[in-house]
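One structure is given here, and the rest of the page talks about it.
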Amino acid sequence: MTGFLLLSVASAGVCVVAMLVTAYAARRAGRVSLVDVTWGLALAAIAFVCAALGDGPAWRRWLLVALVGTWGLRLSWHVWRRGTGHGEDPRYTELLGSGRGGPLVRIWIPQGAAIWLVSLPLQVAAVAGPGLDAVVAVGVAIWLLGALFEAVGDAQLAAYRRRADRPPVLDTGLWRYTRHPNYFGDACVWWGVWLVSASAWPGALTVVSPAAMTYFLVFVTGARLLEETMRQRPGYLAYAARTSMFVPLPPRR
């Protein structure tokens, strides 16, 4: 219990520092959407801190560093490169204008708390005892599926944006089966991380973390907010009528 409390406090400290640095950078850049870059870096940092301070099986601690670090660094680099030279993300413009409170109340505190919540499997896995290797293998497989979905979806979207003759809506590749393959992949990554943690008790109790991540991706700063903007694009309503929003499915007639 003492080990978990130490990791919990240390993880919270990483979140506080990450949000302070992001708030300063966002103020200078004039866009709070820099917080999307912070997510991957902060969770990778928490994975490293938990692995360094934990006393659970070393191979599992550092496996999680590899999984979360690979995901986080790729995602942060992709988001940074995509946003460079552009203004504020419309999702955050809408979020900031939809209620009371400025960035501190509507962005920095909720996002920092969300990162800490999502990191719970990393904290518990770092101090839990030996577990079931088969569950770890399933978790890694789901992580791999998610990482591929996210990376391929991002690459297909980037290629679409580079086309001079691009159609109004991207509806090929993975985007034929889900309107948000990158968000779906993100969710799979964290369900895979949770399974690695759940391979040893009490890791299964941290199921709230991947559930929360999926909720954020679908309803908070992810798909639903993006949909509000995309619905203004010609052809998007017809695309939405035939294509699953989140989980990949065959296109509807």
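Bear in mind these aren't lab numbers, they're just calculated from the coordinates by the rules spelled out. The shown structure was predicted, so the numbers you read here are calculated from the model rather than taken from an experiment. With ideal geometry, Cβ positions are generated from the backbone for all residues, glycine too; neighbour counts draw on all protein chains shown.
Could you work out how far apart the two model spin labels at LEU144 and LEU132 are, taking each label as a point 7 Å from the Cα in the direction of the beta carbon, and quote it in nm?
Each label point lies 7 Å from its Cα, and together they span 2.0 nm.
Tell me, what HN-Hα J-couplings in whole Hz come from the Karplus equation 6.51 cos²θ - 1.76 cosθ + 1.60 at θ = phi - 60° for each residue of region 247-252, using x for Gly and Pro?
Karplus-based 3J(HN,Hα) across region 247-252 equals 6, x, 9, x, x, 7 Hz.
Taking the Cβ of ALA51 as the centre, find all other residues whose Cβ is under 10 Å away and add up their charges (Lys, Arg: +1; Asp, Glu: -1).
With Lys, Arg at +1 and Asp, Glu at -1, the net is +2.
Which shape class applies to region 1-57: rounded if a/c is under 1.5, otherwise prolate when a/b exceeds b/c and oblate if not, where a ≥ b ≥ c are the square roots of the Cα gyration tensor eigenvalues?
prolate
Could you work out the relative contact order of the chain, using alpha carbon pairs under 8 angstrom and six or more residues apart, expressed as a whole percent?
21
Gain in length, LEU249 to GLU88, computed as 0.36 nm per residue apart minus the alpha-carbon separation, to one decimal in nm?
Extending this stretch completely gives an extra 54.8 nm.
From the convex hull of the Cα coordinates of the chain, what is the mean projected area in square nanometres?
Mean shadow area of the hull around the Cα atoms is 13.9 nm².
Net charge near ALA126: determine it from the other residues with C-beta under 11 Å of the C-beta of ALA126, scoring Lys and Arg +1 and Asp and Glu -1.
+1
How many angstrom lie between the C-alpha centres of region 186-253 and region 20-71?
Between the Cα centres of region 186-253 and region 20-71 lies a distance of 21 Å.
Given 0.36 nm per residue, what is the gain on full extension from LEU104 to THR70 after removing their alpha carbon distance, in nm?
Working: separation 34, 0.36 × 34 = 12.24 nm, distance 2.92 nm.
Stretched fully, the LEU104-THR70 segment lengthens by 9.3 nm.
Can you give the angle from 0 to 90° between the axis of helix 109-118 and the longest principal axis of the chain, with both taken from C-alpha atoms, to the nearest 10?
The angle comes out at about 60 degrees.
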